[in-house]
1. Which of (1) at pLDDT 95 or above; (2) open to solvent by 30 Å² or more (accessible area, probe 1.4 Å); (3) in contact with a strand residue (DSSP E or B) (Cβ under 9 Å, 6 or more places away or on another chain) is the odd one out, the single condition residue 117 does not satisfy?
2. With the checklist (1) touching a strand residue (DSSP E or B) at 6+ places or on another chain (Cβ under 9 Å); (2) on the phi < 0 side of the Ramachandran plot; (3) among the polar types (S, T, N, Q) in hand, flag the one item residue 30 doesn't pass.
3. Contact list please: Cβ distance under 7 Å, first residue in region 16-27 and hydrophobic (A, V, I, L, M, F, W, C), second residue modelled with pLDDT under 90, pairs at least six apart or on different chains.
4. Inside region 102-141, can you point out the residues that are outside any strand (DSSP E or B), within 18 Å of the chain's Cα centre (by Cα) and closer than 17 Å to residue 86 by Cα?
5. Just to check your reading of the model, which residue among 134, 115, 124 is more than 16 Å from residue 17 (Cβ to Cβ) and of a type in the set (A, V, I, L, M)?
6. Go through region 72-101 and count every residue that is open to solvent by less than 30 Å² (accessible area, probe 1.4 Å), at negative phi and either part of a strand (DSSP E or B) or touching a residue at least 24 places away in the same chain (Cβ under 8 Å) (or both).
7. Answer yes if at least one residue in region 95-112 is at pLDDT below 95 and closer than 18 Å to residue 54 by Cα, and no otherwise.
Amino acid sequence: RAGGGTEQDVETANSTASPPTGLTCSISQNNVPGCVSSSGLLVQSGRNVPLTWTPPNFGQIRKYYVRKAEGSFPTLQLVMSNFSKFTIVKTLTGTPPSTSYIDPDVKNNTTYTYVLTLENKQKVQSGSSKPLVVKVSNSGR
């Protein structure tokens, strides 16, 4: 492109960060079974919730922040309007950081909503991933 378009693209890319996608709990990890779909809900019948996701296609990711809230917040609008209820349960760091986390701190008969954000090499944080709502049952506690 004429006029230094490439330079502008790099600057734009460095000033924004795309959120991770594909947040799920349906993939088993380290002998922790994945969630199963039941009546439109993701149900986890163990004492741990195995989370996995896909990094964005672009960016040098340095941190993922896993946030959790008790309750069901199935849309980004609900997540944002209830963001104070979400706490960071894990910060994953690395070059790049892992794209999985097993949440060991869940209670029986409780619904949780998880969201992810990331931080890139330039310390820019992404917006929130799409929320993942998980109902925990039969955790044996």
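1. Among (1) at pLDDT 95 or above; (2) open to solvent by 30 Å² or more (accessible area, probe 1.4 Å); (3) in contact with a strand residue (DSSP E or B) (Cβ under 9 Å, 6 or more places away or on another chain), residue 117 violates only (2).
2. Single failed check for residue 30: (2).
3. Pairs that qualify, where the first residue is hydrophobic (A, V, I, L, M, F, W, C) and the partner is modelled with pLDDT under 90, are 17/59.
4. 104, 105, 106, 126, 127, 128, 129, 130, 131
5. Working: 115 fails: more than 16 Å from residue 17 (Cβ to Cβ); 124 fails: more than 16 Å from residue 17 (Cβ to Cβ).
Exactly one of 134, 115, 124 is more than 16 Å from residue 17 (Cβ to Cβ) and of a type in the set (A, V, I, L, M), namely 134.
6. 5
7. The answer is yes, given that some residue of region 95-112 is at pLDDT below 95 and closer than 18 Å to residue 54 by Cα.
Residues checked against (1) within 18 Å of residue 43 (Cβ to Cβ); (2) among the β-branched types (Val, Ile, Thr):
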position	(1), (2)
75	no, yes
90	no, no
117	no, yes
122	no, no
130	no, no
136	yes, yes
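The values are calculated or read from the model by the stated rules, or taken from the named source; none is laboratory data. Not measured: the values here are computed from a predicted model. For neighbour counting, all protein chains shown are included, and Cβ atoms are generated from backbone atoms with ideal geometry for every residue, glycine included. With ligands, DNA and RNA removed, areas are computed over all heavy atoms of the protein, side chains included. Shrake-Rupley method; radii C 1.70, N 1.55, O 1.52, S 1.80 Å.
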